[in-house]
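Enquirer: Pasting in a structure now, in C-alpha cells, and then I'll have a few things to ask.
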Amino acid sequence: MKSFIFSCLNRPVAVTAFYALLLVLAVVAYVRLPVALLPDLRYPGLVVWTSYPDVPPDRVERAVTERIEQAVAGTAGLTRVTSRTLLGGSLVHMQFGWNSNLDLALLDVRENLDRLGDTFPREASRPAVLHLDPGDRPIMVIALRNRADQQGSDRPEDLVELKRVGRDLIARRLEQLSDVARVQVTGGFERRIEVEIDPDQKLAYGISLSQIAGELEGSNVALQGGVIRRGPFRYPVEISGEFKDTEDIAQTVISTRNNTPIRLRDVAQVRDGVAERRGLVRLDGAETLLLLVERKADANIVRAVEEIRTVLAELEEEYEQISLDVVVDESEFIQAAIGGVTQAVLLGGLLAILVLFAFLKRLRALLAAAVAVPLSIAVTLVFFEPLDVTFNLISLSGLALGAGMLVDNAIVVIENIARLREQGQSPLQAARNGASEVAGAITASTLTTIAVFLPITLVEGLAGRLFRDQSLAVVCSLLASLLVALTVVPLIVSRERQTADRPVYKSHAGSRLLTRYGQALSWSLDHRWTVMMFCTLLLMGAGLLISNLPREVIPETEQGRVDVRITLPTDADLTMIALRASEIESQAKARGWADRVLADLGERDQARLDLDPRPPYEGDITLLLPPGQNAEEVLLAVQSMDLPDDVSIKAQRVETQLEQLLTVSDADLLIDLVSEDRRDAEQVVGRVQQLLEARPELVNVRRTDAASVPTYQLTFKRDMMNRYGVHARTLTSYLEAGARGSEATTLKTVNEEVPIVLRSRHIDSIERLLAEQIPARDGLMPIGTFVTAESIPLPAALVRVEQSSVVRLTADIGQGYDLGRAMGAVTDVTSRTLPITVRSRVGGSVEVFQQSLFGVALSLALSLLLVYLILAAQFENLIQPLIILISVPLAAAGVAFVLGLTGQSINLMSLMGTVVLVGIVVNDAIIKTDFINQRRAAGIPIREAIMAAGHDRVRPILMTTITTVLGLLPLAMGFGQGAELRAPLAIAIVGGLTSASVLTLFIVPVLYSILARMK
C-alpha cells in the first residue's frame, strides 16, 4: 500500500490523466442511464384471465377456475395461488419466489394451460396469461376528445370514430417511439353490426334464428382456390366471399320461397351500431377516451415523456379536430422526487466540506475534500451502467447516504497529514507518511461498511430487490472514495507551499474540547462499571421504547392524487352509477378539492385485462389535487360528503409503485375465513364483520365483494319441450338472441373485426323475453311455455386461496393505531367468534411486514458475521472485534430514541437504515482500537495508550460523524416529493450514528480496558 501511495505522489500527471478519463466516462454514463422512480423490481406474479360471459360465478369456478388451478399447481417456483371468480370471468393470480425465472414460468403456465385442450366450455375465451407488475402501470394518461365538443359527446357514433382515430393513428404513432412499449385505448364504444330481427316477418317467412345465423356464417367466407396455369405461368386463385359493408350483409340470401330469394333485409334491419357497454370514462364531467401509455422496461421515463409530449403537439397540429390533454404524468413526481434527492446530495456534500474547513482551517485541505466528493461520485457513475443500476429514488438515496461518508476516508487522511504537518514535517513527507499510516485502518473500515451492503443484494425477497441499487451505489461510492483518498487527496495536500515561518494554527475551542474529553475519558476509566451499568440501562430503555413504537410496512407517500372507490347496490346499472358519481365529481370541482376529476366507472374493458376486474356496480374517481392541497384534508372532506343512502365510498391516496408491490390489495388487512364448506363461513361472516366494525383499531371493514347479486334463473321444462319437439339448442339460441344478442360471424376490415350480432326486436324485460315466439311442432309458441323464470341471489364473486374456498373481509388501520394493534384486534374477534369448522387467516400488510422483517433480520445477521470476520482477520484477534461491535447496539438505541422523538414508525425503510448503521458505526471504533494497539505495540501501558489514542483520534471521529450526519440531514428533514419514503432511513442513520459515535468515545475504551485487564 505504501509503495502504491508513493508511486501516485511521484506521478501527478498520470494520476490526473486517469481521473480525467473517468470524468469523461461519468458524463457519458450520466446521459445514458435510465431514469425511473424505483428500480426494476420485476414483481414475480402472473395472472390468468378467462372470460366466460354472463355465466354465474359458481359455474365459472367449477368449469374454469378449478381446472386452471390444478393445471398450474406444479409450476416451478410457485409459492401461492389465489383466484377470484366473478360473474362472467375467472382471475387466477400466481405468486412466485423473487428469484424465480418469470419468463420460464410464463412459458410453463401457457404450456400447462394448452394441455387442457377443449376441456373448457365452448363459450369461454382462451385463457390469457399476463405478467402482473405494478411497475408497468402507465407513465402517462392522455384524454382524447373532439376539439369542437370539449364538453364530451353523447353520440355513440362519434365516440366510435374517435376510438378508431385513437387506435389506428395516435396509438400507432406513439408506439413508434423507442421508449414506448404500447398504448392502450379505453373508454367509448366498440363498433358492431346489429341485425335486428323482425319477429313478424320472421314468422311470416317461416325462417328460424339458427337458419339466419347459418346462412350468414356460410356466406362470409374467404378460401384458397388453388392454382391456375397459363402457359409457363402460375396464378393463385383466391375465393373471396367476405362481407364488405352493411349493405352487403343485408343482401345476403337466407332462404327461397317460390323460387324467390328471401334476403336478410326482408326479415331484419341491418345497421352499424355499438356494443352494449358496462363502463365509461369521464374527465371533468365530460365523456372522453383515455390513452394509457406504457414504457419499456429499460426506458428513461423522463426522456420518454418529453418525446411523447413532442409527438402529441405534432398530432394536434396535423389533426385539428381532436384534442389531446395530458391528465396524469408520472414523470412530474419522478423529477420532483429525484430532484429533491439530488439537492440533498449536493447540500450534504457542501455541509461536509464546510465542517472539514471549520476543523482544519486549511484551504488546501478544503480543496482536497471539495475535489474528493464530486470525483468519488463521478467514479461511482462509471460503474452504474455495467452493474445495471439506474437513476431512481433508491440509488440516489444511496449516493446521498454516501455523500456524508464519501469524505470520511479523505478526512482521516487529511487530518493525519495535518497532524504530521503540525509536528514539523514537510508537505510531501507528511502526505507520504500520513496517508501510509492510516491506509490500513481506512481500508478495513471501508471493507466493513461494504460487508454490510453486499448481503443486502443477496437477500431474497422485495427487500433485496428494492435496496440492491442503493447497496451497489454505496459500495461503488465507498470504493471510489477509498481510491480517491489514497491517490488524489495526498497529491493535492502535498502540493501545499511550505513556509518556514508560518505559524501552526491552534484552535482554542479544539484545545478545550480535547481537554474536556481527556478528563471525561479518565473519569470513565476510573469508574468502568458505572459506565457499563449506564450503558445497560440505556439499552434496556431503548428496548422498551422499540416495543411501543408504531409499525407499518412502508411510509405513506403523497403524490397529489386521491382515489375514491364508489359502490352501489349490486342491481345498479351504468346509468345509475354514472349519476351518483357525477355528484362527487361536481362537488370536488366546486369546492376546490381538485384541479381535474377523472371518473372510471363500471366494468373495465378488455384493454385493461392486467388490472383486477371490477364489477359493474363500482367505479373509481381520481381527484388530481391542486398544488399545495393536503391530501389528508381532501380525504376527510370526501368521507364526510352527504350522499344518497345507496352509495358507499372509500377514499385513499393513490399508491406509489412501491406501495402497490408491498400491499396485495387496496386494503391494509385481508381477513380470510377458511372452511371446508363455504356455507359455514358465510353463516358467521356477518357477525365477524359487525364485531370488527365496532373496533376502533379498524376502519373500512367490508367484504371483498358483495354477498350476492340479483339474478333471473331460467329452468327448462323438459316435459313440455319433449311434448312439442323443442330442442334445447334451439331454445338456447332464442334466449341468447333475446337477452344479449347472438354473434353469427364478423365483418373484417383492414384494422379490426366487427362482430355481426343477431338480436330480437323490442325485448327489454323478462316478460317480453318469455313472450317471444319460437317454432314448435304444433306451430309458434311463447318461450315461457318451455322455461320458468325465478329471481334468485347468486354470489357476486368467489375467492379461493391455495385451492381452498374462503370468504374474505378487508379492513384498514384506524387513525392513531398501528399494524400490531390492528392485528391484535382481528385476532381477538376471530378467536371469540369463529366455530371449530371455520378458521381465520390474516394477510395483506401483516404478511408483507413479516416477510420484510425476516429479510432485514437475515441481512443484519450476515452483515454482523462478515464484519466480525473482517475485523478478526485485521486484528488477528477474536476478542477485539467484539469490543468494536458494541457500537451496533448503541446505534440501535439511538435509532429507537430518534424514531420516537420524530414520530416515525418501524417500517422497511427505517429497518434498512438500522442495517446500514452496522457498517458505519464500527468505523470510529476500528480507528480508535487500531491506534490503541499501535501505542501498546510501541510499549506504552494500557491506560496511557488509551488516553493517547483518544487524544489523537477524537478530532477525526467527530469530523467523520458530523460530516456524515450533516450529509444526511437534508434527507432526514424530508423536503420535496417522495420525502416520506426516504426520510425514515436517513433519520434512523442520523440518530444511530450520533448516539453510537458519542458513546463509542467512552464505551469502547472502557470495554477495551476491562478485557485487557482480564487477560
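The values are calculated or read from the model by the stated rules, or taken from the named source; none is laboratory data. Nothing here was measured: the structure is a model prediction, and the numbers come from that model. Here the Cβ is made from the backbone with ideal geometry for all residues, glycine too, and neighbour counts use every protein chain on show. Note: areas computed on protein heavy atoms with side chains; ligands, DNA, RNA excluded. Shrake-Rupley method; radii C 1.70, N 1.55, O 1.52, S 1.80 Å.
Enquirer: Give me the pairs, please: first residue somewhere in the range 942-953 and assigned by the TED database to the domain that holds Ser1009 and open to solvent by less than 10 Å² (accessible area, probe 1.4 Å), second residue anywhere and aromatic (Phe, Trp, Tyr) and at pLDDT below 80, beta-carbon distance under 6 Å, and either six or more positions apart or on two chains.
Expert: Filtered contacts from the range 942-953: Ala949/Phe931; Arg953/Phe931.
Enquirer: Now, a different point. Pull up the range 352-365, narrow it to residues that are hydrophobic (A, V, I, L, M, F, W, C) and open to solvent by less than 40 Å² (accessible area, probe 1.4 Å), then point me to the one that is modelled with the lowest pLDDT.
Expert: Leu360
Enquirer: Is there a residue in the range 193-206 that is touching an Asp or Glu at 6+ places or on another chain (Cβ under 9 Å) and under 30 Å from Glu320 (Cα atoms)?
Expert: Scanning the range 193-206 turns up at least one residue that is touching an Asp or Glu at 6+ places or on another chain (Cβ under 9 Å) and under 30 Å from Glu320 (Cα atoms).
Enquirer: Taking the range 805-849 as the region of interest, how many residues are at pLDDT 85 or above, of a type in the set (D, E, K, R) and farther than 15 Å from Leu670 by Cα?
Expert: Residues in the range 805-849 being at pLDDT 85 or above, of a type in the set (D, E, K, R) and farther than 15 Å from Leu670 by Cα: 2 in total.
Enquirer: Shifting gears a bit: Which one of Val237, Val293 is in a strand (DSSP E or B) and modelled with pLDDT of 85 or more?
Expert: Values: Val237 fails: modelled with pLDDT of 85 or more.
Being in a strand (DSSP E or B) and modelled with pLDDT of 85 or more holds for just one of Val237, Val293, which is Val293.
Enquirer: Something else about it: Picking from Val326, Val267, which residue would you name as being touching a residue at least 60 places away in the same chain (Cβ under 8 Å), farther than 18 Å from Gln184 by Cβ, crowded, with 16+ Cβ neighbours inside 10 Å and not aromatic (Phe, Trp, Tyr)? Talk me through it step by step, then tell me what you get.
Expert: Details: Val326 fails: farther than 18 Å from Gln184 by Cβ.
After ruling out the rest, the residue left standing is Val267.
Enquirer: Would you check which residues across the range 161-207 are within 21 Å of Gly273 (Cα to Cα) and part of a strand (DSSP E or B) and list them?
Expert: Pass one, the range 161-207, residues within 21 Å of Gly273 (Cα to Cα): 161-168, 185-199.
Result: Val185, Thr186, Arg191, Arg192, Ile193, Glu194, Val195, Glu196, Ile197.
Enquirer: Test of understanding: among Thr575, Thr536, Thr557, which residue is among the polar types (S, T, N, Q) and open to solvent by less than 40 Å² (accessible area, probe 1.4 Å)?
Expert: Of Thr575, Thr536, Thr557, the one residue that is among the polar types (S, T, N, Q) and open to solvent by less than 40 Å² (accessible area, probe 1.4 Å) is Thr557.
Enquirer: Could you please find all residues in the range 308-338 being assigned to a helix (DSSP H, G or I), of a type outside the set (S, T, N, Q) and out of contact with any strand residue (DSSP E or B) (no Cβ under 8 Å at 6 or more places or on another chain)? Give the derivation first.
Expert: Our first condition is that a residue be assigned to a helix (DSSP H, G or I); within the range 308-338, this holds for 308-318, 330-338.
Those still in the list that are of a type outside the set (S, T, N, Q) too: 308-309, 311-318, 330, 332-334, 336-338.
Selection gives Val311, Ala313, Glu314, Glu317, Glu318, Glu332, Phe333, Ala336, Ala337.
Enquirer: Within the range 808-819, can one find any residue that is in contact (Cβ under 8 Å) with a residue 12 or more places away in the chain, open to solvent by less than 60 Å² (accessible area, probe 1.4 Å) and over 30 Å from Glu693 (Cβ atoms)?
Expert: no
Enquirer: Regarding Asp58, is this residue within 30 Å of Ile671 (Cα to Cα) and of a type outside the set (A, V, I, L, M, F, W, C)?
Expert: Answer is yes for this residue.
Enquirer: Pairs needed: first member in the range 233-260, over 22 Å from Glu194 (Cβ atoms); second member anywhere, in a helix (DSSP H, G or I); C-beta distance under 8 Å; at least 6 residues apart or different chains.
Expert: Here the result reads Arg257/Tyr205, each pair linking the range 233-260 to a residue that is in a helix (DSSP H, G or I).
Enquirer: Another question, if that's okay. Answer yes if at least one residue in the range 10-28 is farther than 21 Å from Val382 by Cα, touching a residue at least 12 places away in the same chain (Cβ under 8 Å) and surrounded by 14 or more Cβ atoms within 10 Å (Cβ to Cβ), and no otherwise.
Expert: Scanning the range 10-28, I find at least one residue that is farther than 21 Å from Val382 by Cα, touching a residue at least 12 places away in the same chain (Cβ under 8 Å) and surrounded by 14 or more Cβ atoms within 10 Å (Cβ to Cβ), so the answer is yes.
Enquirer: Further question on the same structure: If a residue must be crowded, with 20+ Cβ neighbours inside 10 Å and not in a strand (DSSP E or B), how many such residues does the range 44-74 contain?
Expert: 12
Enquirer: Taking the range 803-831, which residues are assigned to a helix (DSSP H, G or I) and of a type in the set (D, E, K, R)? Walk me through how you get there before you give the answer.
Expert: Filtering the range 803-831 down to residues assigned to a helix (DSSP H, G or I) leaves 819-831.
Result: Arg821, Asp828.
Enquirer: Here is a follow-up. Does the range 885-893 contain at least one residue that is farther than 30 Å from Phe453 by Cα and in contact with a helix residue (DSSP H, G or I) (Cβ under 9 Å, 6 or more places away or on another chain)?
Expert: Within the range 885-893 (the criterion being farther than 30 Å from Phe453 by Cα and in contact with a helix residue (DSSP H, G or I) (Cβ under 9 Å, 6 or more places away or on another chain)), the answer is no, since none of the residues qualifies.
Enquirer: Ser905 - would you say it is touching a Pro at 6+ places or on another chain (Cβ under 6 Å) and either within 30 Å of Leu692 (Cα to Cα) or open to solvent by 10 Å² or more (accessible area, probe 1.4 Å) (or both)?
Expert: Working: touching a Pro at 6+ places or on another chain (Cβ under 6 Å): yes; either within 30 Å of Leu692 (Cα to Cα) or open to solvent by 10 Å² or more (accessible area, probe 1.4 Å) (or both): yes.
In short, yes.
Enquirer: If Gln224 passes every condition in (1) buried (at least 16 other Cβ atoms within 10 Å of the Cβ); (2) among the polar types (S, T, N, Q); (3) at pLDDT below 85 but one, which one does it miss?
Expert: Looking at each condition in turn, Gln224 falls short on (1).
Enquirer: For the range 458-555, which helices (runs of 4 or more DSSP H) that fit wholly inside it have 2 or more residues that are over 30 Å from Leu911 (Cβ atoms) and modelled with pLDDT of 75 or more?
Expert: Numbers: elements: 462-466, 468-494, 508-526, 528-548.
Hits in the range 458-555: 468-494, 508-526, 528-548.
Enquirer: Now, a different point. Mind checking whether some residue in the range 250-259 is at pLDDT below 85 and either within 30 Å of the chain's Cα centre (by Cα) or in a strand (DSSP E or B) (or both)?
Expert: yes
Enquirer: Further, regarding this structure: Using the structure shown, decide if Gly285 is outside the structural domain of Ala171 (by the TED database) and at positive phi.
Expert: The answer is no for Gly285.
Enquirer: Which residue, of Ile879, Ile884, is modelled with pLDDT of 80 or more and open to solvent by 10 Å² or more (accessible area, probe 1.4 Å)?
Expert: Ile879
Enquirer: Can I ask one more? Which helices (runs of 4 or more DSSP H) sit wholly inside the range 873-951 and have at least 3 residues that are touching a Ser or Thr at 6+ places or on another chain (Cβ under 6 Å)?
Expert: 887-902, 908-937
Enquirer: From the list Glu693, Glu697, which one is modelled with pLDDT of 85 or more and in contact with a Gly (Cβ under 6 Å, 6 or more places away or on another chain)?
Expert: None of the others qualify; the one that does is Glu697.
Enquirer: State the number of residues belonging to the range 714-733 that are in contact with a strand residue (DSSP E or B) (Cβ under 8 Å, 6 or more places away or on another chain) and farther than 30 Å from Ala222 by Cβ. Walk me through how you get there before you give the answer.
Expert: Looking only at the range 714-733, we keep the residues that are in contact with a strand residue (DSSP E or B) (Cβ under 8 Å, 6 or more places away or on another chain), and these are 714-717, 724-726, 728, 730-731, 733.
So of that shortlist, the ones also farther than 30 Å from Ala222 by Cβ come out as 714-717, 724-726, 728, 731.
The total comes to 9.
Enquirer: If Arg841 meets every condition in (1) open to solvent by 40 Å² or more (accessible area, probe 1.4 Å); (2) assigned to a helix (DSSP H, G or I) apart from one, which number is that one?
Expert: For Arg841, the failing item is (2).
Enquirer: Please verify whether the range 368-385 includes one or more residues that are open to solvent by 20 Å² or more (accessible area, probe 1.4 Å), of a type in the set (Asp, Glu) and in the same structural domain as Glu422 (by the TED database).
Expert: yes
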